[in-house]
């Protein structure tokens, strides 16, 4: 009644009188519904009619904090504090401002003042816990959230926070003990069973995790998170058919997600059903075209099947999403090499190096393609760079031997040949395969023969 009367007043520009409690209800209604402009109008009029109302002033403080007008809020708090220094709501708002100003220790001290006088400490413990989280003090945060649970076993927000603190402390065994004790008191809490399963999963105790997730979904047959975690656990146990069934349940309970489609596809792939795997990978990119992992999975699948044109199409899709991923460029290089697209291969290898993929495979792969293209000097430059990182590697030394000989630098060629033989004589087949004319060079053959005789 008061609300409709107030809104009628706004429409007619009339001024009606409301008692302070009516204003409180009107303002709180607007705050709860996110109508802060109307809440501000009600606060303004309310304080005009009830200028000494502490409750209305505190509601104004709340609105000022929401609008991030912290200085104004603080000034009003100081005004209220002079009259009502031990008002709980005042101290709460004061703590909120301190927290927003990153004064978390002072916020905790203020909240502790409330704990000394309040009859309902649960919300305050929760606030204290959050302040300790801001300080990365997970032990004290956990203890405060645990206090909330002692008062209300169905405070699942605090339960999640307790487990989060255990996770951040990497204390999964203690988390299991806590959750087990909790379940002893509240055995039909699907959230607790789910969290217990997560802890076992992290510790690679998959059978125990599966049991916990089973309980979670028995308690709540629509618990999507429970089915997801159960399916992931079944994957770890290599029970792929059962994993698929649980993933499919999540699709029945909610709209399809790319993540679930990917997981189902990977399960089918492990079962050797590549057609169905492909179907689900394609469904994943349909649900989320920007999911580069799904494009990569399609790439790998067709690459393994030696369908390189299709593989090239899919890796190109992945690169359009993330062209700063060196692994994608390496894959792009591999596929283009299979298709004899050498210029694209070179481009991809150079891109890998630009993105700081400085692995030996990239260096020698690029050098070998440049050799094939007759770009001997460019290949030499690449191998010289490689040698700065990989100083005693036969793969590089034999290639340097070949390239220096091809560029008429025989002296350097023979030095690298001797280095290569000293590192690994068996790798001399590299010269025979990549540089047959160099391998048949009389001086090269003499050095190889003499080295082998000397090491017999």
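The values are calculated or read from the model by the stated rules, or taken from the named source; none is laboratory data. From a predicted model like this one, the values you see are computed outputs, not experimental measurements. In this analysis, Cβ positions are derived from the backbone assuming ideal geometry, glycine residues included, and neighbour counts consider all displayed protein chains.
Checking the structure you have, find out if any residue of the stretch 149-167 is exposed (fewer than 15 other Cβ atoms within 10 Å of the Cβ) and more than 18 Å from residue 123 (Cα to Cα). No; the residues of the stretch 149-167 include none that is exposed (fewer than 15 other Cβ atoms within 10 Å of the Cβ) and more than 18 Å from residue 123 (Cα to Cα). Please determine whether any residue of the stretch 197-213 is crowded, with 18+ Cβ neighbours inside 10 Å, farther than 22 Å from residue 263 by Cα and more than 21 Å from the chain's Cα centre (by Cα). No, every residue in the stretch 197-213 fails to be crowded, with 18+ Cβ neighbours inside 10 Å, farther than 22 Å from residue 263 by Cα and more than 21 Å from the chain's Cα centre (by Cα). Helices (runs of 4 or more DSSP H) fully within the stretch 75-151 that include at least 3 residues being under 19 Å from residue 161 (Cβ atoms) and at pLDDT 95 or above: 104-115, 122-134, 138-151. Those helices (runs of 4 or more DSSP H) of the stretch 171-238 in which at least 3 residues are within 24 Å of residue 266 (Cβ to Cβ), considering only elements entirely within it, cover 190-202, 206-219, 224-236. Total residues in the stretch 7-43 satisfying the condition of being more than 21 Å from residue 54 (Cβ to Cβ) and in a helix (DSSP H, G or I): the figure is 8.
Tallying residues that are crowded, with 18+ Cβ neighbours inside 10 Å and farther than 19 Å from residue 52 by Cβ within the stretch 75-103 yields 8.
Going by the conditions given, is residue 238 surrounded by 15 or more Cβ atoms within 10 Å (Cβ to Cβ), more than 24 Å from residue 146 (Cα to Cα) and free of Cβ contacts under 8 Å to residues at least 60 places away in the same chain? It is false that residue 238 is surrounded by 15 or more Cβ atoms within 10 Å (Cβ to Cβ), more than 24 Å from residue 146 (Cα to Cα) and free of Cβ contacts under 8 Å to residues at least 60 places away in the same chain. Inspection of the stretch 308-328 finds no residue satisfying the criterion of being in a loop (DSSP other than H, G, I, E, B) and more than 25 Å from residue 288 (Cβ to Cβ).
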